[in-house]
Amino acid sequence: MTKPKVAFYWCSSCGGCEETVVDLNEDILKVAEAVNIVFWPVALDFKKKDVEALGDGEIAVSFINGAIRLEEQEEMVKLLRQKSGLVVAFGACAHLGGIPGLGNFWTRDTIFQRVYKEVPTVENPEGTLPQEKTAIDIGELTLPKFYDTVKTLDQTISVDYYLPGCPPPPDLIMNAVNAILKGELPEKGAVLAPDKAQCDTCPRAETKPEKISIEEIKRPWEIKIDPEKCFLVQGLICLGPVTRSGCGETCIRANMPCRGCFGPVDGVVDQGAKGLSAIASILGIEGEEKMSDEDAQKLINQIVDPAGTFYRFSLASSLLRRKRMS
Ligand code: SF4
Ligand code: SF4
């Protein structure tokens, strides 16, 4: 029997999604046994021309991680789309833009200025910036275009399924691989994780009251965190109310609030806005009374980096998408 062909590709991401494939441990042997990996630049020496030589739709499934920032990434994912029956957005950056998507708070020029000229560890007296074309004695060197705006995978090509998480956990990956092999996939466009919020599965859920009265919002390093109590009760921002479950509450069990990497549950179009509204609705009281505007403002001011807190993983996929530049 011919094994289904599978490809993996890495766009703008930290590489953690590729690590998690290795974290399948002995299950990776089962995957390797069941499929024929035809492209995996991080691990195997296939070239772009090998993908180009395949027929359209010949790859059964391409798992693509990372957001789209570079011209090269756009070109490769369009090629993989053409050659693949299914495309899975693998991990938070492909799914929502992820941490690279936070770059949408700046422009290409301000990022280059900061990274290549201003950071204290850079020594660049001539202020040289990367060029798309550089003439050298024996010809011309080229670099892919660095786009001004980071996009999610589905803002660039059509995506069939989403494996959420930063990175997706091995059990969800194995479930997805098994469902693909058996042809038991849900409707196109589904996120391959439970449609429940973290609070529904959280081991601390019983300690979360409906309304919470807190005097001060804290950051995790500022207090000794109680390992049993809901983080919100302790004044820590936890995005559990607006984040999809399925990670096994990884951060929460390690005594860290949920930062939202699994993205929203079905039907929520803007995880950050939903998070803001969820937190605002449970914090705005003092005992039995509604909090005064002044006290509410004080609490709001204590949220350091609200945009980065609520849109940490989802800015590129949000209604906002990027900061508007005049
Ligand atoms: S807010 Fe966070 S800690 Fe509290 S119940 Fe929800 S997921 Fe758990
Ligand atoms: S607890 Fe939240 S941030 Fe942590 S892995 Fe799960 S979804 Fe991601």
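The values are calculated or read from the model by the stated rules, or taken from the named source; none is laboratory data. Keep in mind the model is a prediction, meaning the values are calculated, not measured. Positions of Cβ are backbone-derived with ideal geometry, glycine not excepted, and every protein chain shown enters the neighbour counts. Side chains are part of the model used for accessible areas, which takes the heavy atoms of the whole protein and leaves out ligands, DNA and RNA. Shrake-Rupley method; radii C 1.70, N 1.55, O 1.52, S 1.80 Å.
Would you mind getting me the FRET efficiency between L129 and K30? Use the beta-carbon distance for r and R0 = 41 Å, nearest 0.05. Write out the running numbers ahead of the final one.
Working: r = 47 Å, r/R0 = 1.14.
That pair, L129 with K30, gives E of 0.30.
Between Q82 and R324, take the C-beta separation as r, use R0 = 30 Å, and let me know the FRET efficiency to the nearest 0.05.
Working: r = 34 Å, r/R0 = 1.12.
Efficiency, rounded to the nearest 0.05: 0.35.
What list of ³J(HN,Hα) couplings, whole Hz, do you get for the range 120-132 from phi and the Karplus terms 6.51, -1.76, 1.60, once you set θ to phi - 60° and write x for glycine and proline?
x, 8, 9, 10, 9, x, 8, x, 6, 10, x, 10, 5
First select every other residue whose beta carbon is under 11 angstrom from the beta carbon of I173; then total the charges, Lys and Arg +1, Asp and Glu -1.
Numbers: positive: none; negative: D23, D27, D171.
Spelling it out: positives minus negatives among the neighbours equals -3.
Comparing N36, N301, N104, which has the greatest mean-square fluctuation in the GNM of the chain with Cα pairs linked when under 10 Å apart?
Result: N301 has the largest fluctuation of those listed.
Hey, for a label at T110 modelled as a point 7 Å past Cα toward Cβ, could you say which residues of the range 292-326 have their backbone N under 14 Å away?
Residues 307-308, 322-326 fall inside that zone.
How fast does the range 85-230 diffuse by Stokes-Einstein, in µm²/s, taking the Kirkwood radius from C-alpha pairs at 37 °C and 0.692 mPa s?
Once the numbers are plugged in, D ends up at 162 µm²/s.
Can you give the net charge of the other residues whose Cβ lies under 15 Å from the Cβ of L54, counting K and R as +1 and D and E as -1?
Details: positive: K3, K5, K47, K48, K49, K78, R81, K83; negative: D50, E52, D56, E58.
It works out to a net charge of +4.
Mind listing which trypsin sites (Lys or Arg not before Pro) in the range 188-293 are in a DSSP loop and have 11 or fewer other Cβ atoms within 10 Å?
Numbers: sites: K188, K196, R204, K211, K218, K224, K229, R244, R253, R259, K274, K290; in loops: K188, K196, R204, K211, K224, K229, R259.
Passing sites in the range 188-293 are K188, K211, K224.
How would you classify the range 189-326 from its alpha-carbon gyration tensor, with a ≥ b ≥ c the square roots of the eigenvalues: rounded for a/c under 1.5, else prolate if a/b is greater than b/c, otherwise oblate? Before the final figure, lay out the partial values.
Details: a/c = 1.68, a/b = 1.14, b/c = 1.47.
Cα axes put the range 189-326 in the oblate bin.
With r defined as the distance between the Cβ atoms of A190 and F46 and R0 fixed at 35 Å, what FRET efficiency is calculated, to the nearest 0.05?
Values: r = 29 Å, r/R0 = 0.83.
The value I calculate is 0.75.
If you roll a 1.4 Å probe over the chain with all protein chains in place, what percent of the accessible area is carbon or sulfur?
Details: 9360 of 17640 Å².
Looking at the chain in its full context, I get 53 percent from C and S.
Not counting ligands, DNA or RNA, and with a 1.4 Å probe, what is F8's accessible surface area in Å² rounded to the nearest 10?
Surface accessible to solvent at F8 totals approximately 20 Å².
Cβ under 11 Å from L102's Cβ, L102 left aside: what net charge do those residues give with Lys, Arg +1 and Asp, Glu -1?
Every neighbour counted, the sum reads +2.
What size of dipole, in debye to the nearest 20, comes out for the chain about its Cα centre when the only charges are +1 on Lys and Arg C-beta atoms and -1 on Asp and Glu C-beta atoms?
Numbers: 37 positive and 47 negative charges, 79 e Å.
Approximately 380 debye in magnitude.
What does the C-alpha gyration tensor say about the overall shape of the range 57-96? Classify as rounded when a/c is under 1.5, otherwise prolate if a/b is larger than b/c, or oblate.
Numbers: a/c = 3.51, a/b = 1.31, b/c = 2.68.
Because a/c hits 1.5 or more and a/b fails to exceed b/c, the range 57-96 counts as oblate.
Find how much the distance from V119 to N255 grows on full extension, using 0.36 nm per residue of separation minus their present alpha carbon separation; answer in nm with one decimal. Please report the intermediate quantities before stating the final value.
Numbers: separation 136, 0.36 × 136 = 48.96 nm, distance 3.25 nm.
Extending this stretch completely gives an extra 45.7 nm.
Could you grab the relative contact order for the chain? Cα pairs under 8 Å, six or more apart, rounded to a whole percent.
Working: 575 pairs, mean separation 57.8, N = 326.
Contact order relative to length: 18 percent.
Find the relative contact order for the range 1-67 and round it to a whole percent, using C-alpha pairs within less than 8 Å whose residues are 6+ positions apart.
On the way: 78 pairs, mean separation 38.5, N = 67.
For the range 1-67, the relative contact order is 57 percent.
Given the -39500 (n - 2.57) contribution per DSSP H run of 4+ residues, what per-residue ellipticity at 222 nm results for the chain, rounded to the nearest 500 deg cm²/dmol? Please list the in-between numbers first.
Numbers: 12 runs with 92 residues, N = 326.
About -7500 deg cm²/dmol.
What do you get for GluC sites (Glu not before Pro) in the range 179-230 restricted to DSSP loop and a cutoff of at most 11 other Cβ within 10 Å of the site's Cβ?
On the way: sites: E184, E187, E206, E210, E215, E216, E222, E228; in loops: E184, E187, E210, E215, E216, E228.
Here the sparse-neighbourhood loop sites are E184, E187, E210, E215, E216, E228.
How far is it, in nm, from the label point at K229 to the one at A296 when both lie 7 Å from their Cα along the line to the Cβ?
Between K229 and A296, the label points sit 2.5 nm apart.
Got a sec? What order do W40, W10, W106, W221 fall in by accessible area at 1.4 Å, biggest, i.e. largest, first? Walk me through the intermediate numbers first.
Numbers: W40 25, W10 90, W106 135, W221 185 Å².
Order by accessible area, largest first: W221, W106, W10, W40.
Angle check, please: helix 271-283 long axis (alpha carbons) against the longest principal axis of the chain (alpha carbons), in degrees 0 to 90, nearest 10.
That helix lies at roughly 10 degrees to the long axis.
Report, in whole Å, the centroid distance computed from the Cα atoms of the range 94-169 and the range 217-238.
34
Just the number, please: percent antiparallel of the DSSP beta bridges in the chain, rounded to the nearest 5.
Working: 10 of 29 bridges.
Percent antiparallel among DSSP bridges in the chain is about 35.
For a quick check of understanding: with a 1.4 angstrom probe and all protein chains in place, what accessible area in square angstrom does S213 have, to the nearest ten?
Solvent-accessible area, nearest 10 Å²: 70 Å².
Quick one: which residues, 5 or more positions from I37 or on another chain, have an amide H under 5 Å from its amide H? H modelled 1.01 Å from N in the peptide plane, none for Pro or chain starts.
V6
In square angstrom, rounded to the nearest 10, how much accessible surface does Y116 have for a 1.4 Å probe?
90
DSSP loop (so not H, G, I, E, B), at most 10 other Cβ within 10 Å: list which GluC sites (Glu not before Pro) in the range 246-326 pass both filters.
Here the GluC sites (Glu not before Pro) that fit, given the DSSP loop and packing criteria, are E288.
Would you please classify the overall shape of the chain from the alpha carbon gyration tensor, given that a ≥ b ≥ c denote the square roots of the eigenvalues, rounded means a/c under 1.5, and beyond that prolate means a/b larger than b/c while oblate covers the rest? Please report the intermediate quantities before stating the final value.
Numbers: a/c = 2.34, a/b = 1.35, b/c = 1.73.
Oblate, because a/c is 1.5 or more while a/b does not exceed b/c.
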